[in-house]
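As structure tokens, the structure follows; a few thoughts come after it.
Bear in mind that the values in this text are calculations on the coordinates, not laboratory data. For clarity, every value in this text was computed on a predicted model and none was experimentally measured. A quick note on method: Cβ atoms are made from the backbone with ideal geometry, for glycine too, and the neighbour counts reach across all protein chains shown.
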Amino acid sequence: MSRFHPKIGNTVSTDVYGVKVDRGYIAHFQVSAVAATAADTDGIHAAIIDTGVQQVVTTDITNPSVPRNITATAGGTAADIGAIQVTIEGTNYNNEVITETLPVFTVNTPGTVIGSKAFKMVTKITIPAHNGTGATTAIGFGEKLGLPYKLFHNTIFMAYLNNVKEGTMPVVVVNAAALESNTVDLNSALDGHVVDVYLVI
């Protein structure tokens, strides 16, 4: 029979003599309905018109309600869109400074590129010059929610959207060193309803 051994560390005995395992705890992580809004391609900054030179934007930035990944969307005149990469600077869930260079746009093609790090705050957006001044770049946020844990393994075992259990497990990315690289992306699209995630820590 398994037993908890508080005096010798956070371990539990097993049915094998001398073999003990670490004790785990169930954590309930919740994102409120107000914060769990749908992805928004210009939710961080409205479309910025190309000027022919690199632009550094630090004003008129709206931060996400909770840490989530950042997107950039190229638009305007398709022939003016360049194969450029937008760089985002800001902070993670723990208010530590982080930077991410988003994937490259496809030349002459309107579309959205998706970042992987969860930003709590965006403080600076750097946009290289496109191929012409008819191009625009909007900055938004995606579906990946930042987790408040640095995880070695994916220990999420259950997720709910609007109090309905997800039939397909979410996509989870973990990183034991970088907090901002621990994210959960539900199979269902976020829609302004509460999200509940259960994991072992």
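Projecting the Cα atoms of ASN163, VAL34, VAL56 onto the charge dipole of the chain (Cβ charges, centred on the Cα centre) puts ASN163 farthest toward the positive pole.
When only the Cβ of Lys, Arg, Asp and Glu is charged (+1, +1, -1, -1), the dipole of the chain relative to its Cα centre reaches about 860 debye.
Normalised radius of gyration (Cα atoms, divided by 2.2 N^0.38 Å) for the stretch 53-97: 1.44. The three principal axes of the C-alpha atoms in the stretch 40-143 carry coordinate ranges of 40, 23, 18 Å, sorted with the longest axis first.
The value of relative contact order for the stretch 40-143, using C-alpha pairs under 8 Å at least six residues apart, is 47 percent.
Annotation: amide H-H contacts under 5 Å for LYS117 (H modelled 1.01 Å from N, sequence separation of 5 or more, or interchain): ILE70. Stokes-Einstein diffusion of the chain at 25 °C, 0.890 mPa s viscosity, Kirkwood radius from Cα pairs, rounded to a whole number: 132 µm²/s.
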